[in-house]
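Notes for the one structure printed next.
The values are calculated or read from the model by the stated rules, or taken from the named source; none is laboratory data. Please read these numbers as outputs of a predicted model, since none were measured by experiment. For neighbour counting, all protein chains shown are included, and Cβ atoms are generated from backbone atoms with ideal geometry for every residue, glycine included. Just so you know, the surface numbers come from the protein's heavy atoms only, side chains and all, with ligands and any DNA or RNA stripped out. Shrake-Rupley method; radii C 1.70, N 1.55, O 1.52, S 1.80 Å.
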Amino acid sequence: MAPDGLRRVLSAVDRTTALSRTGLDAVADPALDRFAAMVGTVLSAPMALVSLVDAERQYFPGASGLGPAVQRQRQTPLSHSFCRHVVADARSFAIADARRDPRLRTNPAIEDLAVVAYAGVPLTDADGVVLGSLCVIDHQPRQWARRELDLLADLAAACSDSLRLRIAAFHAEQDRIRTEALKQRSERAFTRSQLLLRASVALSPAETVADVIATVSQLVTGSLDPAHVGVALREDGRYLAMAAAPILPPDLAARWARYPVTADVPPAVAVRTRRPVLLNDAAAVRDRFPHLVDDLNRLGWQALVSVPLNGLRGVLGALTFVWEQPYDIDVSEEAVITTLAGYVAQALERATVLDEQRTVAQTLQKALLGALPRHDRIRIAARYLPAHRTDHVGGDWYDVVTLPDDRLVLVIGDVTGHSIAAAAAMSELRSILRGLIIDRAEPPSALLRRLDHANQALGSSIMATVLLAYLDPAPDGGHRLRWSNAGHPPPTLVTPDGRIGLLPGRDPLLGAVRDAPRTDHTCHLPAGSFLLLHTDGLVESRTATIDDGFAALHRVLAHSRETDPERLADLVLRRTPELALLGGPVAEDDVALLIAATPPDPTGPDPARG
């Protein structure tokens, strides 16, 4: 293309761009109409126009003296335009009689608009691009005086200033829009960064899959703000199961509860490809997953993103957000969601490991404590609550051993510490003590001396409290209790007449003093008595002294009418208000509880339980 031709093309592009920025079209603009009327009056012309010229037409946002038909249309094709000559030459153009000018005598405007005499001056933007012309028209031949053309040029300069102001206003508005968009993007980026910071903190204490899912739902509320959050986790490597999902109609819930990883649904695709599946609107859903359109329409969902949960051991599943309106998931938004999914995957892996640890620990604890033996006459109940929900094991223990002649041995103990190490130490002491009980027909104090000696001789240096008690049948139908206490909280005795008291007498704990003296104590248990042995976690906390704890325990026992040791054990744990262990917050200390109920007197009522 020749240089002149290239300049014309570039000029046309610049003119089109500038014209669009004026905001003017073939519609009357009141200010420019008044301006055209003033021009016609000043130059005594029957017609005056603010004429703008694009690639296909000329249009008149300002006009005075137009005929009714053109006044309504406010535009003509370029075949009728005299102003295009002004634009093409970028200079003023005046003609006394168009009918006699070879360039114009065939122009349809002579007939259609009664254009005979014409004078036009360029209208330009701030860069000098010619946008059209300010022109005056006479229906009769007219020689335009130099003074008239100069005046028209001055008026055209004023009209150009008006157009430039409009273009400047457009640029200012665009700048405002860009600034506002930048501000919104900055605020959005800040909000997203805060979301990720909150996520790294909030997900750290989550110990179960349910904790993780609940935390994610809380985190995205007010930020990504999806209508629903779903988590699908892999099962056996071949299936995805919904660990969390919105409330769905029964048929959809059944269909989406568990499905193959090979299924053509967004979470499964995300898991297989290890890449996010982004569906910004209903059209995107229709294009990629047409078989899901009816289901999503039924749920009112229009946008969806499923992100793989990539863990150290592979893809754990998929995190899915859905919105009930189109949602623009741009590159930065995708990065935020992907990063959040990474945090969620880490939290889920940690929760899975903790769950495995809990399962192993619970199995270990049950194995260490063993099952309670059955006794022909004495009813027994036992409970264990760990202090650490992560380990689910600790150093507290109970034990019951049956001996010949209907005798029963009760043991309650507490090794210092709350961990698997404490449980191992407990198991060691428990095993030694069980062997001594079976092998040695000695008083409780002697067995505790032997246990303490073995503990220190083997170099274990385990610190523990232990209470060992023999329960033997008495001739009157009651039972004789003989015990020795190595630093343990005293047992509580509830007699049939309603009396509640502690059984005193306590020696140093095991491992504290070499060759510590040990004493035996004896008490008679009437028929229908309840004996409670427990560790200090039941009656002691940071907010209550052990005396307060015993008082609370005894109040519960005083108001209880339970005759079954199992139900009484649950009641004690559930209704001790200072501790609220069962179903309440994490215990501050392990709790072991052992209850023995002697058979009631068959000859009379049970006043303590009645």
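Here are the numbers:
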| item | result |
| --- | --- |
| Extension gain (nm, one decimal) between residue 434 and residue 502, 0.36 nm per residue minus Cα-Cα | 21.9 nm |
| Cβ crowding within 10 Å averaged over residues, with 507-516, 54-63 ranked highest first | 54-63, 507-516 |
| Label zone at residue 28 (point 7 Å along Cα-to-Cβ), backbone N below 19 Å, segment 39-57 | 39-41, 46-52 |
| Efficiency of FRET from Cβ geometry, residue 20 and residue 173, R₀ 22 Å, rounded to 0.05 | 0.95 |
| Quotient of C-alpha Rg and 2.2 N^0.38 Å, computed over segment 206-333 | 1.00 |
| On Cα atoms only, tilt of 444-457 relative to the major axis of the chain in degrees | 60 |
| Correct option for Rg/Rh (Cα atoms, Kirkwood Rh) [calculated from the coordinates] among (i) 1.41; (ii) 1.05; (iii) 0.99 | (i) |
| Packing-based ranking, highest mean first, of 344-351, 530-537 given that Cβ atoms within 10 Å are counted | 530-537, 344-351 |
| Segment 53-99: proportion of alpha-carbon pairs further apart than 15 angstrom, % | 52 |
| At R0 = 22 Å, FRET efficiency that the Cβ-Cβ distance of residue 57 and residue 101 yields, to 0.05 | 0.50 |
| Cα gyration tensor of segment 512-552 - equivalent ellipsoid semi-axes, whole Å, descending | 24, 22, 8 |
| Stokes-Einstein diffusion coefficient of segment 1-160, Kirkwood radius over Cα pairs, 20 °C, 1.002 mPa s, in µm²/s | 138 |
| P(r) tail fraction, segment 394-495 - alpha-carbon pairs more than 17 Å apart, % | 51 |
| Rg/Rh for segment 152-259, where both radii come from Cα atoms and Rh is the Kirkwood radius | 1.41 |
| Angle between the chain longest axis and helix 209-220 axis [Cα atoms, degrees, rounded to 10] | 30 |
| Chain lengthening between residue 442 and residue 559 when straightened (0.36 nm per residue, less Cα-Cα) | 38.3 nm |
| Accessible carbon and sulfur surface of segment 76-234 relative to its total accessible area, %, 1.4 Å | 53 |
| Degrees separating the helix 331-369 axis from the principal Cα axis of the chain, which is the longest one | 10 |
| Counting all C-alpha pairs of segment 139-208, share separated by more than 15 Å (%) | 76 |
| Principal axis dimensions, segment 99-197 - Cα atoms, whole angstrom, descending | 81, 29, 17 |
